Amino acid sequence: MDQLKKYLPLFAIALLAFWQIAFFQHLLKWDNVDYFLPMRHFFSNELRQGELPGWNPFVNLGFPHFADPQSGSWYPMVWVLSLFKSYGFSSLNAEWFLHVFLGGVGMYKLLESLKLRRAAVVIGSTAFMLCGFNVGTAQILPFIIGACWLPWCIWGFKRFV
């Protein structure tokens with residue numbers, strides 16, 4: 001429980017900074033709505049009907065859905081979000097917000113492993129969550145997902161070495 005308490009300030013900061021997204025006041029736009037939402041929505045509907053969506057007949061003249069790495073078909077978080085309800089706008093906002101927060105947690109763990117003071121760790125992880133990349137490319141969900149897992153990969157590699 002103490003482990004979770006140290007991430008509470010990060011969650012509060014992310015909630016304060018991105019409250020319009022977290023509380024579904026505004027929707028994510030552009031590529032998220034044009035491409036990533038329909039792909040994930042199709043995937044979740046097929047999954048909820050007990051089918052694995054090998055072929056998506058709704059785009060062009062059809063294409064292999066699992067072959068598209070941006071569709072989210074191979075990403076576990078899309079599977080988890082599809083368990084609760086059909087993937088929609090709220091799921092898209094929740095996935096984006098969760099990735100920004102998890103990226104901050106990953107940076108927290110990475111900076112903490114460098115034996116920095118708590119203030120520096122909190123400031124660094126906050127700066128990572130609120131950085132221009134996360135805000136400026138909020139429209140491209142795979143970029144946000146990649147940014148989220150980057151500090152985790154570095155932290156894991158550092159531990160491995």
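The values are calculated or read from the model by the stated rules, or taken from the named source; none is laboratory data. For clarity, every value in this text was computed on a predicted model and none was experimentally measured. Here the Cβ is made from the backbone with ideal geometry for all residues, glycine too, and neighbour counts use every protein chain on show. For the accessible areas, the whole protein counts, side chains as well, though only heavy atoms, and no ligand, DNA or RNA atoms are used. Shrake-Rupley method; radii C 1.70, N 1.55, O 1.52, S 1.80 Å.
Just a few scattered comments:
- Relative contact order, percent, segment 59-136 [alpha-carbon distance under 8 Å, six or more residues apart]: 21 percent
- 4 °C / 1.567 mPa s Stokes-Einstein diffusion coefficient of segment 69-127, Kirkwood radius on C-alpha pairs, µm²/s: 99 µm²/s
- Number of Lys pairs (Cα under 18 Å; 8 or more positions apart or on different chains) in the chain: 5
- Look at the dipole of segment 16-109 built from charges on Cβ: of L16, S73, F84, the Cα furthest out on the positive end belongs to L16.
- A 1.4 Å probe run over segment 32-158, with the rest of the protein chains in place, finds 51 Å² accessible per residue.
- For N56, the residues whose modelled amide H falls within less than 5 Å of its own, excluding neighbours fewer than 5 places apart on the same chain, are F63, H65.
- F133 accessible area, assembled protein chains, probe 1.4 Å, Å²: 90 Å²
- Cα centroid separation, segment 93-145 to segment 1-54: 15 Å.
- Modelled this way, with points 7 Å down the Cα-to-C-beta line, the labels at L8 and C131 are 2.8 nm from one another.
- Gyration tensor over the Cα atoms of segment 55-161: the corresponding equivalent ellipsoid has semi-axes (square roots of 5 times the eigenvalues, largest first) of 31, 15, 12 Å.
- Relative contact order computed over the chain (Cα-Cα under 8 Å; 6+ residues apart), in percent: 27 percent
- Kirkwood radius, segment 1-66, all distinct C-alpha pairs, inverse of mean reciprocal distance: 14.9 Å.
- Accessible carbon and sulfur surface of segment 1-123 relative to its total accessible area, %, 1.4 Å: 68 percent
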